[in-house]
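Contents: one structure, followed by commentary.
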Amino acid sequence: MSLGCARNAIGYALLGLLAAAVPARGQGSEDVNAGQFDFSLPGARSLAMGGAFVALADDATSAYSNPAGLIQLGRPEVSLEYRGWDFDATAIDHGHGFGSPTGIGLDNVPGTVFESFPSSTSGVSFVSLVYPRSRFAFGAFAHRFPKFETTKDIQGAFFDCSGGTLDTDTEPYCQALVADTNGVDRVQPKEQEIKIGLWSAGATLAVRLGHGLSLGFSGLYYSFSIDSTNLVYSTFDDPFGPKDPAKLDLMSTQKGDDHAFAWNGGFRWSLGSLVLAGAYRRGPSFDYTNTVTAKIAHIGECRPEQDCSSETVRFKVPDTFAAGLAYRPIPPLTLSFQYDFVQFTDLLGPQSSGLPPSAGRTLDEGLKVDDAHRFRFGVEYLKVFSGGQALSLRGGVWHDNDHRVYFDHDPGTGLPYPQYAMLFPRGEAQTHGSGGVGLVLQPHFQVDLGFDVSDLYKTLSVSTIWKF
């Protein structure tokens, strides 16, 4: 297997972060597009209302979601959230694309077959303290995004490929093994272990301008870590056979700990029963090191246990713009609408592919990612009891269009580069449903429960608010 092809087959470790979870060629789209961070707003109340919270922004979690809302608080508040996440990473594991299987060895399944690799994590995800005054509000907070950890064992799918080879740098850049397989190429088997972490801490200032208008600003410090290992196995001696642990071809590692600063800002304009709001969250950038090492079965210029390449990779967290509207048709009922634009195209920056010139240009031109357009709706009904207790019932729904990295190709042939058409298939949009309850047990103590579910993601949150 060529070094350029291998390092790309196990690259782009973070390109879905981004969700996420990002440019690091060498890790397949199954890492890229499955390793997405959850960038939903903190707080069980926000989660239960489908994330349509920018216009409400009326508790201590607003320090992150829309700091302009903090001016609404009547007394100091402390907020704490515990959140659990379950998510499925999907990848093409086996099968035969762009043609029919040969029936030889493992090449006996028509079409490509996706496998699911479940992952879960939980922990304290958000804590904040807000101190309001008559015209100003001050706050501090810490926010931990879910730590993405997963392991995968990929068999490697087959696909038809004939014509030019990667060695001659001619389209469609087949691997050399096709000369012995009558035009059948293969995604090499691989094992992957991925660990990615991200947390932030910040300080917030909100100011009341008058006539129901307020502005807010947060400065944030981010800490990022990645520790991933990817093993690619050679099948050149047995193209249709299973993975042989003794034929380790290449090992790629992505490692790094980095820090960065960014900011959030927002406005909120209250017009009686109607509220308009907007927020902007600037994504930070981080660097990490991608190293490719030749192993015992590697054939090429690099000798076994020699580092073939080591490069610094830049990961940019996407910027987010949000616009929201909240409306109370009657005092107990609140309707909230929100539109988010997440600039995932920030992820596709210029990178060194390690491929020959023509193949590298074809890859760069073919890799695409769509920005996210998220539409959110939430509803809350409040019932107040004598003694100051209250019960809130909440629900929500939101739509997330597909924003996986994909390779733009002919669906019948995979041209111009079938290998990357297999590694970077298109994904599917996700529709999320959410719900939850809120309980005011004492005048100054509130507990909220929320959940959010879709085909690939499940989130459960418990948060509390103390007023003093």
Suppose R0 equals 35 Å; then what is the FRET efficiency for F445 and D88 from their Cβ-Cβ distance, rounded to the nearest 0.05? 0.45
Could you give each residue of segment 221-229 its phi-based ³J(HN,Hα) in whole Hz, using Karplus coefficients 6.51, -1.76, 1.60 with θ = phi - 60°, and x for Gly or Pro? 10, 10, 10, 10, 9, 9, 8, 10, 10
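Within the P(r) computed for segment 309-468, what percentage of the Cα pairs occupies the region above 22 Å? Before the final figure, lay out each step's value.
Values: 7739 of 12720 pairs.
Everything past 22 Å amounts to 61 percent.
Holding the Cα-Cα limit at 21 Å, pick out from K190/K458; K255/K458; K316/K458; K195/K255 the pairs that are longer than that. Working shown, then result.
Values: K190/K458 27 Å; K255/K458 28 Å; K316/K458 25 Å; K195/K255 9 Å.
Over 21 Å Cα-Cα: K190/K458; K255/K458; K316/K458.
Express the relative contact order of segment 291-429 as a whole percentage, based on alpha carbon pairs under 8 Å and six or more residues apart in sequence.
Numbers: 234 pairs, mean separation 24.0, N = 139.
About 17 percent, as a whole number.
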Amide H of C308: which non-local residues (sequence gap of 5 or more, or other chain) have their own amide H closer than 5 Å, using H built in the peptide plane? V292, T293, A294
Pull up all non-local amide H partners of L209: gap of 5 or more, or a different chain, and H-to-H distance under 5 Å with H placed in the peptide plane. S214, L215
Please rank M49, M422, M251, fewest neighbouring Cβ atoms within 10 Å first, as an exposure proxy. M251, M422, M49
Over all directions, average the projected area of the Cα convex hull of the chain and note it in nm². 21.7 nm²
List, in order, the whole-Hz ³J(HN,Hα) value for each residue of segment 244-255 obtained from phi through the Karplus relation with A = 6.51, B = -1.76, C = 1.60 and θ = phi - 60°; use x for Gly and Pro. 10, x, 7, 10, 6, 8, 9, 10, 10, 10, 10, 9
Nearby aspartates and glutamates by direct alpha-carbon distance to K295 (threshold 16 angstrom, same-chain neighbours under 8 apart not counted): E191, D237, D244, D249, E305, D307
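How much net charge surrounds Q343 when only the other residues with a Cβ under 13 Å from the Cβ of Q343 are counted, with Lys and Arg +1 and Asp and Glu -1?
On the way: positive: R281, R282, K316, R374; negative: D319, D340, D346, D370, D371.
Around Q343, the surrounding residues sum to -1.
Hey, what number do you get for the chain at 222 nm if only DSSP H runs of n ≥ 4 count, each worth -39500 (n - 2.57), divided across all residues, to the nearest 500?
Working: 7 runs with 40 residues, N = 468.
-2000 deg cm²/dmol, from helical runs alone.
As a test of understanding, state the convex hull volume per residue of segment 209-253 from its alpha carbons, in Å³. Before the final figure, lay out the partial values.
Details: hull volume 6.9 nm³, N = 45.
Roughly 154 Å³ of hull volume per residue.
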Segment 174-261: Kirkwood hydrodynamic radius (Cα pairs, Å) comes out at 17.7 Å
Karplus-derived 3J(HN,Hα), 6.51/-1.76/1.60, for each residue of segment 409-422, Hz, glycine and proline x: 8, 6, x, x, 10, x, 5, x, 8, x, 4, 7, 5, 6
Segment 83-178 -> Rg/Rh from Cα coords, Kirkwood Rh, value 1.35
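Every read-out reported here was derived from the displayed coordinates using simple, explicitly stated rules and does not represent laboratory data. The structure presented is a predicted model; accordingly, all values stated were derived computationally and were not measured. Cβ coordinates were reconstructed from backbone atoms using ideal geometry, including for glycine residues, and neighbour counts include every protein chain displayed.
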